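Inspection log for the structure reproduced underneath, given as structure tokens.
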Amino acid sequence: MKLITEIRYLLKKEMVLEWRSKYALNGILLYVVSTVFVCYLSFKTTPPLVWNALFWIIMLFAAINAITKSFVQESKGRLLYYYQIASPQAIIIAKIIYNMLLMILMSTIALFFYSIVFQNEVGDKLLYFAAVILGAISFSSVFTMISAIASKANNNGTLMAILSFPVIIPVIILIIKLSKNAMDGLDRSVSLDEIGVLTAINLIVITVSLLLFPYLWRD
Amino acid sequence: MSKNWWKITASVFVLYSVVTGLLLKVPMLPILHESIRNLYFHVPMWFAMIVIYTIAVVNSIRYLQTNDEKYDLIAVESVNTGLLFGFIGLLSGMIWANFTWGSPWPNDPKLNSAAIATLMYLAYTVLRSSLDEEQKRAKISAIYNIFAFPVMVVLLFVLPRLTDSLHPGNGGNPGFGAYDLDSNMRFVFYPAVLGWIGIAIWIMNIRFRIRKLENIKNQI
Amino acid sequence: MKKTVLFMIALISSFTVFAQNNGVEMAEELRSSGKIYVVVAVMLLLFTAFILYLFSIDRRLKKLEKGN
């Protein structure tokens, strides 16, 4: 029970801080919108395959930019404060949940804007949206732990990219396949495999993060 | 001498697989022809790599539990040896693929997965080199190693099964069993796998001992 | 020990039994002329050298470890 109250408290704290500065929200939103616009200006129209891949590449980089900040840009003082008030498990869960919410919001807005600017037929709109949500969740669960690891190592962004790409590629392969199925309007039972494996990856990654984060935190 | 028994066994297995792998009869299959014998040499590289990466992750876990530097050294040398076998496996596979599938890098999920897994462990070495302080380096790289391992398992064992692949045993293709049921291939293949796993562990062991000596020397 | 020897003999005797040609081209010529044994000898030599080399490194390491 103590864990849940701690998580709640940290989550609220995180949101209040974000709401005060609106740094991540505005910054990432602007990043996504301008990337989409640049892509629109350079592509004009795209075949469906490119449309899908492009969207996920934009989302991938937006996610890296957004989530790197979750540990790397924390000040020493605030980390010390967290250390005193909460257990490491509570901190990592709160961070993962917060990043998930942030990414879900971000990718919903991005999808909305993207599909307005780029005209494209999507066969199964609901499944595509589900794929986007699932993608946002997977990105945040993987990147949160990597960001924690990278923040301990000289805080540079290059390391974050190097460490996260090999881990995220299987996720991205699955998501692109899932969303392609949705675009082609295939029967939903076809996509069950991908959804199952994605959920499994998420569960594994979150469990491993929970087990490992305490070691990373104690320093 | 009694301590060396596994090294000798591994050597005998490898030598046995070289002789029988070239001489024993193999099933006559179109496209593959005699190149099916590569099975005895190319596939064991992957088995050795996976076993050695598993050793790395086990030692990373042991390091986090005990904080004993020894386990960190075993883990890093396992990754180095695993990378060696991964590269050999990739290159030998490319030569074979060029002959049977028409190009050195056919868009095959197993190839891509293997390349990504190799990237993952290269990232591990980059992470290590970016950290200076020994204890911190050992701890953080152990954490990354454990974090990356389950993803690698998904990458190598689950993803290729979901998509069509040229490799046997994936995407509805028959597994090895279909080829070697009617032949003696098993009597060569399994010893070859065991032998190469032994050789890989041996190389890792040698590297680990060299590194330990270097560490002692550096401390003085 | 006896069993393994018997097994080896059984294996060796099966070397010479090649399946009948069923349209798939195999390197029969290489085998019938006996040139395959040249390849086997070379490969065997290379791998034996490799393994002996590993053993020699192992031995030198052991000496170093004893010195410390």
Checking the table B:LYS3/B:LYS217; B:LYS110/B:LYS139; A:LYS125/A:LYS180; B:LYS139/C:LYS66; A:LYS12/A:LYS95 against a 22 Å threshold on Cα-Cα, which pairs fail? B:LYS3/B:LYS217; B:LYS110/B:LYS139; B:LYS139/C:LYS66
Compare B:PHE41, B:PHE85 by solvent-accessible area with a 1.4 Å probe and give them largest first, with all protein chains kept in place. B:PHE41, B:PHE85
Whats the longest run of chain A with zero trypsin sites (Lys or Arg not before Pro) that are DSSP loop and have at most 16 other Cβ atoms within 10 Å? A:45-217
Could you tell me which helices of chain A pass both thresholds, a Cα extent of 27 Å or more along their own axis and a mean Kyte-Doolittle hydropathy of at least -1.0, with helices taken as whole DSSP H runs? A:2-21, A:23-43, A:48-72, A:88-117, A:125-152, A:157-184, A:192-217
Positive minus negative residues near C:ALA41 (Lys, Arg vs Asp, Glu; Cβ under 15 Å): +2
Over chain A, the sum of -39500 (n - 2.57) across DSSP H runs of at least four, divided by residue number and rounded to 500 deg cm²/dmol, gives at 222 nm -30000 deg cm²/dmol
Keeping all protein chains in position, work out how much accessible area A:SER115 exposes to a 1.4 Å probe, and write it in Å² to the nearest 10. 50
For chain B, what is the calculated [θ] at 222 nm in deg cm²/dmol (nearest 500), taking -39500 (n - 2.57) for each run of four or more DSSP H residues and dividing by its residue count? -26000 deg cm²/dmol
Taking every residue of B:11-23, the Cβ atoms of other protein chains inside 10 Å of its Cβ average out to 5
One finds, for B:MET94 and A:PHE37 with R0 = 35 angstrom and r their Cβ-Cβ distance, a FRET efficiency to the nearest 0.05 of 0.30
On a 1.4 Å probe surface of the protein chains, which of C:ASP58, B:ASP68 comes out largest in accessible area, and what is the full order? B:ASP68, C:ASP58
Grab the other residues whose beta carbon is less than 13 angstrom from that of A:PHE143, score K and R as +1, D and E as -1, and report the net. +2
Computed lengthening from A:THR5 to A:LEU192, 0.36 nm per intervening residue step minus Cα-Cα distance: 63.8 nm
Quick check: the angle from helix B:69-100's long axis to the longest principal axis of chain B, C-alpha only, nearest 10 degrees? 20
Say the cut-off is 31 Å between C-alpha atoms; which of A:LYS13/A:LYS44; B:LYS7/B:LYS212; A:LYS69/B:LYS70 go over it? A:LYS13/A:LYS44; A:LYS69/B:LYS70
Give the separation of the Cα centroids, region A:154-219 to region A:5-78, in Å. 17
Any idea how far apart B:VAL153 and A:PHE129 come out in nm if each label point goes 7 Å out from Cα toward Cβ? 3.6
Could you work out how far helix B:5-23 tilts from the main Cα principal axis of chain B, as a 0 to 90 degree angle to the nearest 10? 20
Anisotropy class of region B:1-119 from Cα gyration tensor, a/c 1.5 cut: oblate
Rg and Dmax in Å for the protein assembly as shown, alpha carbons only: what are they? 26.9, 85
Tell me, what is the FRET efficiency for C:LEU45 and A:MET15 to the nearest 0.05, using R0 = 60 angstrom and their Cβ-Cβ distance as r? 0.30
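The values are calculated or read from the model by the stated rules, or taken from the named source; none is laboratory data. Everything numeric here is computed off the predicted structure, so don't read it as measured data. Ideal geometry is used to build each Cβ from the backbone, glycine not excepted, and the neighbour counts take in all protein chains shown. Heads up: the accessible areas ignore ligands, DNA and RNA and are worked out on the full protein's heavy atoms, side chains in. Shrake-Rupley method; radii C 1.70, N 1.55, O 1.52, S 1.80 Å.
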